[in-house]
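> If you scroll down you'll find the structure; I have some questions about it.
The values are calculated or read from the model by the stated rules, or taken from the named source; none is laboratory data. Here the structure is a predicted model, which means the values were calculated and not measured. Reconstructed Cβ throughout: ideal geometry from the backbone, glycine too, with neighbour counts over all protein chains shown.
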Amino acid sequence: MSTSFLFDGHDTAPTTILLAHGAGASMDSPSMTATARALAEAGFQVARFEFHYMAARRYGQRKPPPRAETVNPEYVKAIADLRARGVTGKLVIGGKSMGGRVASMVADEMLAKGEIAGLVCLGYPFHPPGKPEQLRTKHLAGLKTPTLIFQGTRDEFGTPDEVAGYGLSDAIEVIWLEDGDHDLKPRKSVSGFSTADHLKTMAETVKGWVERI
């Protein structure tokens, strides 16, 4: 069964960004849609896809999220299926929360094969909320893939103070978005920023970074 994609932006864009969803929300959730649109407005083609357990929910099968590493092959297949659809040019992979984590686990293998140029994670789940000792960072210490991680300063899955102590690979750049939560959403009254502001910053930062890698 080939992967189903949702596309935003122009298919002639020089760079395509492939995004997977987080553990609990589908590829067409408001947060994923807003993210894809912001990246498309910055000049990228964006392709979104769903892991099988999430796609099954559309047919009434309430499956819980599996362990992230068990869906690694689905991400690798999505890359192959995207290329099979004739998507050429530079490819950056990533996703929201769990989707970004899965992408990060296959990134170096895909980079070594010349399949991808970089990795973008939105709200990386460094640890489960309230369990800072359960780290999901082991593979990030030696990551070779050029990586951008966008994290809100209020994200319960990894705060600025926590992340500063993780010893992440030099290939990883963490961009902090003021007062953002796990969806990068700030409280406007507190920060003076809106979610749209943060998504625009994210998209423009990705654009400048892609030109460098």
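> Of these, Ala40, Ala25, Ala56, which one is surrounded by fewer than 21 Cβ atoms within 10 Å (Cβ to Cβ) and within 14 Å of the chain's Cα centre (by Cα)?
Numbers: Ala40 fails: within 14 Å of the chain's Cα centre (by Cα); Ala56 fails: within 14 Å of the chain's Cα centre (by Cα).
Result: Ala25 is the single residue among Ala40, Ala25, Ala56 that is surrounded by fewer than 21 Cβ atoms within 10 Å (Cβ to Cβ) and within 14 Å of the chain's Cα centre (by Cα).
Here is a yes/no grid of residues against (1) without any contact (Cβ under 8 Å) to a residue 24 or more places away in the chain; (2) at negative phi; (3) part of a helix (DSSP H, G or I); (4) touching a Cys at 6+ places or on another chain (Cβ under 7 Å):
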| residue | (1), (2), (3), (4) |
| --- | --- |
| Val71 | no, yes, yes, no |
| Tyr75 | no, yes, yes, no |
| Ala78 | no, yes, yes, no |
| Asp81 | no, yes, yes, no |
| Thr88 | yes, yes, no, no |
| Ile93 | no, yes, no, no |
| Val106 | no, yes, yes, no |
| Met110 | no, yes, yes, no |
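> Residues of segment 138-149 being outside any loop (DSSP other than H, G, I, E, B) and surrounded by fewer than 20 Cβ atoms within 10 Å (Cβ to Cβ), which ones?
Residues of segment 138-149 outside any loop (DSSP other than H, G, I, E, B): 138-140, 147-149.
Once the filter is applied, which keeps residues that are outside any loop (DSSP other than H, G, I, E, B) and surrounded by fewer than 20 Cβ atoms within 10 Å (Cβ to Cβ), segment 138-149 yields Lys138, His139.
> Could you go through segment 30-52 and let me know if any residue there is farther than 19 Å from Gly86 by Cα, hydroxyl-bearing (Ser, Thr, Tyr), in contact with a helix residue (DSSP H, G or I) (Cβ under 7 Å, 6 or more places away or on another chain) and without any contact (Cβ under 8 Å) to a residue 60 or more places away in the chain. Working first, answer last.
Quick first cut of segment 30-52, residues farther than 19 Å from Gly86 by Cα only: 30-39, 41-42, 50-52.
Filter once more, keeping what is hydroxyl-bearing (Ser, Thr, Tyr): 31, 33, 35.
From what's left, in contact with a helix residue (DSSP H, G or I) (Cβ under 7 Å, 6 or more places away or on another chain): 35.
Narrowing further to those that are without any contact (Cβ under 8 Å) to a residue 60 or more places away in the chain: none.
No - not one qualifying residue is present in segment 30-52.
> Does Gly130 qualify as being under 29 Å from Phe193 (Cα atoms) and surrounded by 13 or more Cβ atoms within 10 Å (Cβ to Cβ)?
No, not satisfied.
> Against the definition (modelled with pLDDT under 95, of a type in the set (S, T, N, Q), more than 13 Å from Leu119 (Cα to Cα) and surrounded by fewer than 17 Cβ atoms within 10 Å (Cβ to Cβ)), how does Ser189 come out, yes or no?
yes
> Can I ask one more? Using the structure shown, decide if Leu135 is among the hydrophobic types (A, V, I, L, M, F, W, C) and surrounded by 15 or more Cβ atoms within 10 Å (Cβ to Cβ).
Values: among the hydrophobic types (A, V, I, L, M, F, W, C): yes; surrounded by 15 or more Cβ atoms within 10 Å (Cβ to Cβ): no.
It is false that Leu135 is among the hydrophobic types (A, V, I, L, M, F, W, C) and surrounded by 15 or more Cβ atoms within 10 Å (Cβ to Cβ).
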